[in-house]
1. Would it be correct to say that ASN26 is within 16 Å of the ligand (Cβ to nearest atom) and either in contact with a strand residue (DSSP E or B) (Cβ under 7 Å, 6 or more places away or on another chain) or in a loop (DSSP other than H, G, I, E, B) (or both)?
2. When the residues of the range 148-170 are filtered to those that are free of Cβ contacts under 8 Å to residues at least 12 places away in the same chain and either assigned to a helix (DSSP H, G or I) or outside the structural domain of PRO81 (by TED's automatic domain parsing) (or both), which remaining residue is least open to solvent (accessible area, probe 1.4 Å)?
3. Taking the range 3-26 as the region of interest, how many residues are under 17 Å from GLY111 (Cβ atoms), polar (S, T, N, Q) and free of Cβ contacts under 8 Å to residues at least 40 places away in the same chain?
4. Pairs only if they're at least six apart or on different chains, beta carbon under 6 angstrom, first in the range 215-228 and charged (D, E, K, R), second surrounded by 12 or more Cβ atoms within 10 Å (Cβ to Cβ); list them, first residue then second.
5. Can you name the residue in the range 115-127 that is buried (at least 24 other Cβ atoms within 10 Å of the Cβ) and hydrophobic (A, V, I, L, M, F, W, C) and is also farthest from the ligand (Cβ to nearest atom) among such residues?
Amino acid sequence: MNYQDILVSNEEGIVTLTLNRPDQLNAVNSSIMHSLYSFFTEDYKSIEGFKGVIITGSGEKAFAAGADIKEFLAVADDSIPFVKKGHNTYFAIENFHKPVIAVIKGYALGGGLELALACHMRLVNPKTKISFPEVNLGLIPGYGGTQRMSQLIGKARAMELMMTTDMIDANQAVQYGVCNRVVEDDEIMPTAKKMIAKIASKGPVAVKHIIKTINAAFDESKNGFDIELQAFADLMQTKDFEEGVKAFMEKRKAHFIGE
Ligand code: CO8
């Protein structure tokens, strides 16, 4: 994995992807998008003992201050494939079979906020500020933000945020339900790692189905109840289910093998 503008580290199967353009406030450019796409669709497969992913930004000022505005003019006449790549990348994150947590320090704006919204959970530091500034550029959030933010916080608040471009702070982001919790700077990465390690101790096939069934609740083309029913039936045929019940009976910790 040799990426441009993204740093990759692996600590006991917990992979941290750090957007690494601090002088440009980690604005999401084509090479970041391409690296994320490669990681979430293919490259993760080579990681041994893989538990989950943290996405964060380099430096103290920003998670990501948007998509890279400096690339916009060049794609204006053929924007659909460009934006579609962003959609496909963020879908790959949203539907990823292991937990993906965004660790946000500072600004998460526009396409950067949309990246965080595609993650399964979001931790923010006290300095976090989020907003959708796109209408200032005569645009709209184009990487799924109109949809995911409305699902998270409801129509009225999403309309207000996107039309006014008002910034909200960390506490308000949690109160609105955009983010899971506010964590102090020195605790935020350890907290994300602890969350992933905890999830990794549970049944991996069950965790995969949790992601799939919860996502189905936000997909109008799917019947989430049917998907839940089938997932439940499939899980009852797994070795992990057998082991989980056996471990309960024997009053010991379960050892799941992910089958
Ligand atoms: N794109 C490119 N460069 C950026 C971006 C960005 N989104 N944000 C900041 N930068 C750059 C600045 O240009 C500056 O670079 P340089 O030193 O080379 O001039 C550097 O980062 C530092 O920024 P500032 O000097 O502006 O830092 P300040 O602390 O003064 O201000 C702000 C911080 C308020 C965050 C300010 O940088 C800002 O307003 N940034 C733009 C925020 C924004 O509008 N984001 C939304 C972009 S649109 C979007 O994300 C659409 C998503 C859908 C994509 C569809 C694809 C076609």
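The values are calculated or read from the model by the stated rules, or taken from the named source; none is laboratory data. Computed from a predicted structure; not experimentally measured. Positions of Cβ are generated from backbone atoms using ideal geometry, with glycine treated the same way; all protein chains shown enter the neighbour counts. Calculation scope for accessible area: heavy atoms of the full protein, side chains included, ligands and nucleic acids excluded. Shrake-Rupley method; radii C 1.70, N 1.55, O 1.52, S 1.80 Å.
1. Yes: the conditions hold for ASN26.
2. Top of the filtered list is SER150.
3. 1
4. From residues that are charged (D, E, K, R), the pairs are LYS222/ALA216; GLU228/THR213.
5. The residue in question is LEU123.
Residues checked against (1) open to solvent by less than 90 Å² (accessible area, probe 1.4 Å); (2) modelled with pLDDT of 95 or more:
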residue: LYS129; (1), (2): yes, yes
residue: LEU139; (1), (2): yes, yes
residue: GLY177; (1), (2): yes, yes
residue: VAL183; (1), (2): yes, yes
residue: GLU187; (1), (2): yes, yes
residue: GLY203; (1), (2): yes, yes
residue: ILE214; (1), (2): no, yes
residue: GLU220; (1), (2): no, no
residue: GLN230; (1), (2): no, yes
